[in-house]
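A.B. asks: Mind looking over this structure? Questions follow.
The values are calculated or read from the model by the stated rules, or taken from the named source; none is laboratory data. Computed from a prediction, not measured in an experiment: that's the story for all the values here. Reconstructed Cβ throughout: ideal geometry from the backbone, glycine too, with neighbour counts over all protein chains shown. These accessible areas exclude ligands, DNA and RNA; they are computed on the full protein's heavy atoms, side chains included. Shrake-Rupley method; radii C 1.70, N 1.55, O 1.52, S 1.80 Å.
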Amino acid sequence: MSVYGFRFVTALLLSGLLVGSSGIQASAATAPPWVPTERTIISAPDNTDGYGSSGFVDEVCKEVKAAPAGATIRASTYWSSDADAIGCFIAARKNGANVRYTTWDDDYKDKQNKVILDKLKKELNDPTGKSYFKVCNGSCYKNKDSGTQHMKAVTISEVKGQDKKSYKYISLISSGNFSKKSSSTTWNYSTVFVNRQKTHDGLAKFMDGMKA
């Protein structure tokens, strides 16, 4: 990762902590109608009182499914073993949103994950380049021996909440992957940013740069 990239991601993580300090929420079984709000979602291992294990994936699915036709979704992850999560990106693409998905090459080499990801890859085959599926060596910015693609983030240019209002520049930064094991056996913090264009555009530029 470049010095610029390191500083940028570090700054985003720090800003995420600030948002989290004022809006920490556990994922609950009975949530109100979904409206994008800035907050930090805590996902905990199964059977942890007061928390849910799937808060991060649930939020991602709500966000990407709410993207209208023409909106652009970017996702970067380390591991993709949750078929439900990948299915949400496929559904968003079928609904006319542009989806750009980037993951680590070891993720794609895993036989079970590859079956899931090949379905997404097929859906994101787009001659215009507005949608794509990208597998990175190493950290994406350096060669295979120089790191690991470990970024977990999603950006969406626009979504429609259940209140019928439009919300722009959605970003989600998380310590969790699109992985059943990750959500059910580990603690993860996921911070949602709403209507923050600089954050959205900075992350988007960083993720688009991985494709090269």
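A.B. asks: Given the criteria within 20 Å of Gly87 (Cα to Cα), of a type outside the set (Lys, Arg), surrounded by fewer than 21 Cβ atoms within 10 Å (Cβ to Cβ) and out of contact with any helix residue (DSSP H, G or I) (no Cβ under 7 Å at 6 or more places or on another chain), does Asp163 qualify?
C.D. replies: no
A.B. asks: Filtering the stretch 70-98 down to residues that are of a type in the set (Val, Ile, Thr) and more than 21 Å from Asn195 (Cβ to Cβ), which residue is surrounded by the most Cβ atoms within 10 Å (Cβ to Cβ)?
C.D. replies: The residue in question is Thr77.
A.B. asks: Right, here's the next one. Out of all the residues in the stretch 119-129, is one or more more than 19 Å from Ala85 (Cβ to Cβ) and in contact (Cβ under 8 Å) with a residue 12 or more places away in the chain?
C.D. replies: Within the stretch 119-129 (the criterion being more than 19 Å from Ala85 (Cβ to Cβ) and in contact (Cβ under 8 Å) with a residue 12 or more places away in the chain), the answer is yes, since at least one residue qualifies.
A.B. asks: Identify, from the list Asp107, Asp118, the residue that is crowded, with 19+ Cβ neighbours inside 10 Å and of a type in the set (Asp, Glu).
C.D. replies: Answer to the selection: Asp107.
A.B. asks: Taking Asn125 as meeting all but one of (1) farther than 25 Å from Thr40 by Cα; (2) of a type outside the set (Lys, Arg); (3) in contact with an Asp or Glu (Cβ under 9 Å, 6 or more places away or on another chain); (4) part of a loop (DSSP other than H, G, I, E, B), write down the number of the exception.
C.D. replies: (3)
A.B. asks: Separate question: Going by what's in this entry, would Ala67 be described as open to solvent by less than 30 Å² (accessible area, probe 1.4 Å) and part of a loop (DSSP other than H, G, I, E, B)?
C.D. replies: Answer is yes for this residue.
A.B. asks: Would it be correct to say that Tyr189 is modelled with pLDDT under 95, open to solvent by 50 Å² or more (accessible area, probe 1.4 Å), among the aromatic types (Phe, Trp, Tyr) and in a strand (DSSP E or B)?
C.D. replies: Taking the combined requirement at face value, the residue satisfies it.
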